[in-house]
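Take a look at the structure set out below.
The values are calculated or read from the model by the stated rules, or taken from the named source; none is laboratory data. None of the values given here were measured: they were computed from a predicted structure. Counting neighbours? That spans all protein chains shown, and the Cβs are built from the backbone with ideal geometry, glycine included. All accessible areas refer to the heavy atoms of the entire protein, side chains included, with ligands and DNA or RNA removed. Shrake-Rupley method; radii C 1.70, N 1.55, O 1.52, S 1.80 Å.
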Amino acid sequence: MRRVSSTLTAIVFALLSLGIVMLASTSSVRGEANFQDPQHFLKLQLAWLAVSIIVALALYRFDYHWWQKFGVPVAIVAGIL
């Protein structure tokens with residue numbers, strides 16, 4: 001199980017890295033034109049990435065069985081949205 005987890009983590013980080021590189025190379029012209037900062041979209045993406053990693057690490061510390069009682073209400077809210 002540990003090997004699968006490590007492999008999955010490596011794949012996720014590789015895809016994140018590829019996405020960041022693609023965003024940096026494709027959005028600089030629009031960022032410069034609209035915000036006078038060629039790295040505007042890259043900075044936004046990196047900020048949201050940092051937030052998501054912090055939230056993921058915080059949620060990782062909880063036992064997943066604790067979240068089971070919220071499964072049905074979350075599914076109902078998701079279905080409504």
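Which entry in [x] 6.6; [y] 5.5; [z] 7.9 matches mean projected area of the Cα convex hull in nm² derived from the coordinates of this structure? Recomputing mean projected area of the Cα convex hull in nm² here picks out [z]. Dipole size of the chain about its Cα centre, with +1 on Lys/Arg Cβ and -1 on Asp/Glu Cβ: approximately 300 debye, rounded to the nearest 20. Residues in the chain average 88 Å² of solvent-accessible surface per residue, probe 1.4 Å, ligands and nucleic acids excluded. Phi angles of segment 58-63 translate, via the Karplus equation with coefficients 6.51, -1.76, 1.60 and θ = phi - 60°, into HN-Hα couplings of 5, 5, 4, 6, 8, 6 Hz per residue; Gly and Pro are given as x.
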